[in-house]
Ligand SMILES: C[S@@+](CC[C@H](N)C(=O)[O-])C[C@H]1O[C@@H](n2cnc3c(N)ncnc32)[C@H](O)[C@@H]1O
C-alpha cells in the first residue's frame, strides 16, 4: 500500500494542507468539514475516533466542539502537524493523537460513539479489514468518503504518486454488507474534480463551485460526482 508510506515523509506532511486546502482548495476543506459534522450530528461529550486523521483537520475541529477525540494515523510527521494544531487551538485536553495502523485498532469493542475516516479508503486496495475494525470499535456511526469511478477524477487519478483506488456504488454496498453495516445516508458531490479547485485562486473557484453545487443537486450530478460521503451503522 503506497499511501501507507507516502505520508510518512516530513516534507509531505508539512506541505499536506497547503497543497490541498489553500486557494480554491478552501472550498473543498469547508465541504468536507460540513460532511463530517452532518454525519456525526451534535458531538459535545461524544467519544469519537478518527482513523487516518493525518494533520488533524477534523479531530481538532471536533475537539473544539466539545467531543472527546482520538486521532490515529500511521504517519508520525502527519501527527506532529495535528498535535501542533491542537496546541494552537487550545484543545490538547480534548484530543489525543496516537500512531497506529488502522488494520488493527488498539481499542476494545464498542469503545466509541462514532468512528470516521476521510480521504483514506482511496489509499486502500483492500479496505475490508479497515471497515471491519471501524465497525468493531463503534456503537453507532461510521462515516467515510470515497473517490469515484465514472468521474472527472479518472483524468488525473492514475498520476497520483500515493496510489488512488476509485470506487463505484456497488463496491461500497458490497463493502458495507461484508462488514455487516447498514447504509444510513449517501451524499455525492464535486462533478468538478478537486484538482481543478486547488489549482486556481479562491475568487475564481467560487463561481465554479456554485455551478458545481447546482449540477450536483441533480441525478446526473450524482452519477458523475467525483466524491461520495457514506454514513452507516452496525446492523
Ligand atoms: C490523504 S491523507 C488524509 C488525512 C486526513 N484524513 C484528511 O482528510 O486530511 C491519508 C492519511 O492516511 C494515513 N494512512 C495511510 N495508511 C494508513 C494505515 N494503514 N493506518 C492508519 N493511517 C494510515 C496516512 O498517513 C495519511 O495521513
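Taking label positions 7 Å along the Cα-Cβ direction at both residue 11 and residue 184, the computed distance is 4.2 nm, reported to one decimal.
FRET efficiency for the residue 208 to residue 38 pair, using the beta carbon distance and R₀ = 25 Å, is estimated at 0.65. Exposure proxy ranking for 50, 64, 32, based on other Cβ atoms within 10 angstrom of each Cβ and starting from the fewest, stands as 64, 32, 50.
Treating r as the C-beta distance of residue 80 and residue 150 and R0 as 45 Å, the FRET efficiency rounds to 0.75. Mean residue ellipticity at 222 nm, helices only, the chain: -12500 deg cm²/dmol; runs of at least 4 DSSP H residues each add -39,500 (n - 2.57), and the sum is divided by the number of residues. If both residues of a DSSP beta bridge must be in the chain, then about 40% of such bridges are antiparallel. Determine which residues of region 47-75 fall in the zone a paramagnetic label at residue 132 would reach in this model, i.e. backbone nitrogen under 19 Å from the point 7 Å along Cα→Cβ. The answer is 51-52.
Taking the three principal axes of the alpha carbon atoms in region 93-235, the coordinate ranges are 47, 33, 29 Å, sorted in descending order.
FYI, it's all coordinate maths here, none of it is from the lab. Source: prediction; values computed, not measured. A quick note on method: Cβ atoms are made from the backbone with ideal geometry, for glycine too, and the neighbour counts reach across all protein chains shown.
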